[in-house]
Amino acid sequence: MTPTLTAYDDFFQVTEALRTRQIDAYADERHRLERARRTVNGAEIVGQYSQIPFAIGFRENDPFFANLLTLTFQDMATDGTLAELYARWLPATPPPALAHLSGSSPTPMLGDTPQERFNGDLSLMAKERGALRVGYLQDLWPYSADRDDGVATGFEVRLLERVAEMWFGDRQAIQMVPVTRATGLQALLNGEVDVLAGGWVHTREIELQADVSTVLFDDGVSIFSLSAAPYRSLQELVGQPVGVINGTEGASAVAQLTQLAGGALNTIAYPDRDAAVAALQQRQVVAVLAERSLVLAPLYRQAGFTLTDERLTYRPISYVLPQEDSNFRDWFNETLLQLIDSGIFKELYTTWFDDPAPSAPLWPR
C-alpha cells in the first residue's frame, strides 16, 4: 500500500485534520507529536524512524559548569530522577541510554566555581607551531604503541596523523611524546601535549580535569576463548570455569555479567593477562572475560584464539583534550567527523581491527 502524503502549513491545520479524520496519521518530530497527542483525543504515538540529538546549551569555555551539568545528569540517571521526569512528561517514552561514567569522583558543588577562566587560544597555538603534539602510551598495541624501531604506531596514532594532515597538510606534522597512565593527564594539564592517545576511557575523574573527543570505539568486555572450542555467549559459560584478570573491568563486572548470563559463572581470578591466557591455553578455563585492550594483542599475534564482537560492558575510548577551550575541542571533533564521513576512519579501523567499524556518532552535519 502506498501512503498519500498531504502537506499542511502549520501545526493547527494538521492536528485539526487528524481530529476530524481527514488524515489517518501525522508524522513529525517527537516534541510536536507530544503536543498533538494532548490535543487530539485518543491519539497515540507509535514508532520512531529517525533520531535528532537534543542537548542543553550553555556558554563556551566554562568547563566547571559543563562538568557540573554532565555529572548531575549521571547522578539523575543513577537515582531514577531522569526516568521519573520522562514518565511525567513523555509517557511511554524511555529516556535515552546515558553512558555511565565509571569512577568515584563526587559531583562538584556550585560553591566550588573557579573565579578565573582560561583566555588562551589552543587552536592558534597549534597553527603557529605547525604540528600536533600527542601524548601516547607506548605499550597498548593495537591502540598505540612503539614498533621495534621505536616509531609510534597503532590505530589511534594513524588516525591522529590524518587529523594533522587535514590541519597542516602533512601527516608527519605530529610530535609524539611518550607518556604513561600515571603521567599523561598531568602532561596535558601542563600544556606539554595537545591530546592524549592510547585507550583512554571517559571516566568521572577525566571529566573533572579534561575534555574528551567524540567516542572512537567501545573497549568493553568480550569473550576470549580458543578457536578450537569457541564460546559465543554468556549463557554458554554458565557453570563453566571462566578466567578474569584482577583489577580489570572484566573482574569488577562479574556480578553484572552473571545477571546477564542468567546463571552462576565459575570465575577464577589471575594476576595478569599472560597468566589468564596461559590458563586458557592449558584449558584450566574455557574462556577469559576481559576488556578488548587486554586481549587483542594475543588474538592478533598468536594463533588459536577467538574474540566475540559483542561488548558485554561499555568502555568508551576517546582522545583526551585540554578543557577550557571549546573552539579547540570543536575543531578537533569536527575533523574527526569529516574523517568518518569521508570513509577514512572506517578504512583505518578495518586495517587495525577485525570487528565491524562503529557507527558514526549522532552529530549535526
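The values are calculated or read from the model by the stated rules, or taken from the named source; none is laboratory data. No experiment lies behind these values; they were computed from the predicted model shown. Please note: Cβ atoms are built from the backbone with ideal geometry, for glycine as well, and neighbour counts cover all protein chains shown.
Values computed for the structure shown
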| item | result |
| --- | --- |
| Conditions (1) surrounded by fewer than 18 Cβ atoms within 10 Å (Cβ to Cβ); (2) out of contact with any Ser or Thr (no Cβ under 9 Å at 6 or more places or on another chain); number of the one not met by Phe217 | (1) |
| Per-region count, region 259-277, residues more than 27 Å from His100 (Cα to Cα) and either surrounded by 13 or more Cβ atoms within 10 Å (Cβ to Cβ) or touching a helix residue (DSSP H, G or I) at 6+ places or on another chain (Cβ under 6 Å) (or both) | 3 |
| Top-ranked residue of region 325-355 - restricted to ones that are aromatic (Phe, Trp, Tyr) and in a helix (DSSP H, G or I), ranked as surrounded by the fewest Cβ atoms within 10 Å (Cβ to Cβ) | Trp331 |
| Near pairs, Cβ below 7 angstrom, 6+ apart or cross-chain, from region 243-258 (assigned to a loop (DSSP other than H, G, I, E, B)) to any residue that is among the polar types (S, T, N, Q) | Ala253/Thr313 |
| Given (1) surrounded by 18 or more Cβ atoms within 10 Å (Cβ to Cβ); (2) over 27 Å from Ser252 (Cα atoms), number of the condition Arg315 does not satisfy | (2) |
| Residue in region 1-17 that is surrounded by the most Cβ atoms within 10 Å (Cβ to Cβ), counting only those that are within 24 Å of Thr93 (Cα to Cα) and touching a helix residue (DSSP H, G or I) at 6+ places or on another chain (Cβ under 7 Å) | Thr15 |
| Selected residue [under 17 Å from Val193 (Cβ atoms) and of a type in the set (Lys, Arg)] from Arg147, Arg88, Arg133 | Arg133 |
| Candidates Glu207, Glu249, filtered to the one that is acidic (Asp, Glu) and assigned by TED's automatic domain parsing to the domain that holds Lys127 | Glu207 |
| Unmet criterion (only one of (1) in contact with a Ser or Thr (Cβ under 9 Å, 6 or more places away or on another chain); (2) at pLDDT below 95; (3) surrounded by 13 or more Cβ atoms within 10 Å (Cβ to Cβ); (4) within 25 Å of Pro230 (Cβ to Cβ)) for Pro361 | (4) |
| Selected residue [outside the structural domain of Leu226 (by TED's automatic domain parsing) and either closer than 15 Å to Ser225 by Cα or at pLDDT 95 or above (or both)] from Leu336, Leu294 | Leu336 |
| Those residues of region 300-324 which are assigned to a helix (DSSP H, G or I) and among the aromatic types (Phe, Trp, Tyr), in sequence order | Tyr300 |
| The listed residue being assigned by TED's automatic domain parsing to the domain that holds Glu334 and under 23 Å from Gln338 (Cβ atoms), out of Gly150, Gly130 | Gly130 |
| Members of region 28-68 that are in contact with a helix residue (DSSP H, G or I) (Cβ under 8 Å, 6 or more places away or on another chain), surrounded by 10 or more Cβ atoms within 10 Å (Cβ to Cβ) and closer than 30 Å to Thr113 by Cα | Phe58, Glu60, Asn61, Phe64, Asn67, Leu68 |
| Which listed residue is under 21 Å from the mean Cα position of the chain (by Cα) and over 30 Å from Tyr300 (Cα atoms), from Ser104, Ser123 | Ser104 |
| Residue in region 68-101 that is nearest to Gln209 (Cα to Cα), counting only those that are hydroxyl-bearing (Ser, Thr, Tyr) and modelled with pLDDT of 85 or more | Thr70 |
| Scan of region 311-342 for residues that are in contact with a Lys or Arg (Cβ under 8 Å, 6 or more places away or on another chain) and of a type in the set (Asp, Glu), ordered by number | Glu324, Asp341 |
| Residue within region 274-284 that is assigned to a loop (DSSP other than H, G, I, E, B), among the basic types (Lys, Arg) and either in the same structural domain as Phe332 (by TED's automatic domain parsing) or at pLDDT 95 or above (or both) present | yes |
| Any hit, region 237-254, residues being of a type in the set (Asp, Glu) and surrounded by fewer than 22 Cβ atoms within 10 Å (Cβ to Cβ) | no |
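So that you can scan it fast, the table gives a plain yes or no per residue for (1) under 24 Å from the mean Cα position of the chain (by Cα); (2) within 26 Å of Pro358 (Cβ to Cβ); (3) buried (at least 19 other Cβ atoms within 10 Å of the Cβ):
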site	(1), (2), (3)
Leu98	yes, yes, no
Leu110	no, no, no
Thr113	no, no, no
Arg129	no, no, no
Arg133	yes, no, no
Asp139	yes, yes, no
Leu159	yes, yes, yes
